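Chemist: Mind having a look at this structure? Questions to follow.
Values quoted throughout were computed directly from the atomic coordinates according to the rules given, and no laboratory measurement underlies them. The model shown is predicted, which means the values in this text are computed figures rather than measured ones. Methodologically, a virtual Cβ is constructed for each residue, glycine included, from the backbone with ideal geometry; neighbour enumeration extends over all protein chains shown.
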Amino acid sequence: MSPYAVVAAVVVVGVLLFVAAMGARRLLAPRAATTAKLSTYECGVDPVGEGWAQTNVRYFVYAFLYVIFAVDAVYLFPWATVIRQADLGAASLVEMGIFVAVLLIGLAHAARRGLLRWW
């Protein structure tokens, strides 16, 4: 069997499953529209006032710092699992040392600017 035929069959089966799921939802789902169902839902809080609200920029800084250090883990964990292999050598250790040093410089910069304080 051709690999293209296998890919085409998987795509066709996927589309058929999607169409079947949407058809079952259309047949089984209740259609009673009430005022509660038609109102806007925002995290369990009734929407009051305007749609515009300002957010403290510090929350974005925390999120950005988290993403930076989560990406750090994505690079460090696979490297740590294969560090004992002989073909990696000292060059790999130096590269990871530079990588961690750059991250520590960024962390020191964030701490110096007061971005890691919660109060």
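Chemist: Could you give the size of the charge dipole of the chain about its Cα centre, using +1 on the Cβ of each K and R and -1 on the Cβ of each D and E, expressed in debye and rounded to the nearest 20? Show your work: numbers first, answer last.
Modeler: Working: 9 positive and 6 negative charges, 60 e Å.
About 280 debye.
Chemist: How charged is the neighbourhood of Gly106? Take every other residue with its Cβ under 13 Å from the Cβ of Gly106, and add Lys/Arg as +1 and Asp/Glu as -1. Could the numbers behind the result be given before it?
Modeler: Working: positive: Arg112, Arg113; negative: Asp72.
Neighbourhood net charge equals +1.
Chemist: If you don't mind, another one. Show the residues, 5+ positions off or on another chain, whose built amide H is closer than 5 Å to the amide H of Leu88.
Modeler: Those qualifying (amide H under 5 Å, at least 5 residues apart or on another chain) number zero.
Chemist: Throw me the Rg/Rh for the chain, computed over C-alpha atoms with Kirkwood Rh, two decimals. Don't skip to the end; give the middle numbers.
Modeler: Details: Rg = 25.9 Å, Rh = 21.3 Å.
Here the Rg-to-Rh quotient is 1.21.
Chemist: If you take the charge dipole of the chain about its Cα centre, with +1 on Lys and Arg Cβ and -1 on Asp and Glu Cβ, which of Leu65, Phe77, Thr34 is farthest toward its positive end?
Modeler: Positive-most Cα among the choices belongs to Thr34.
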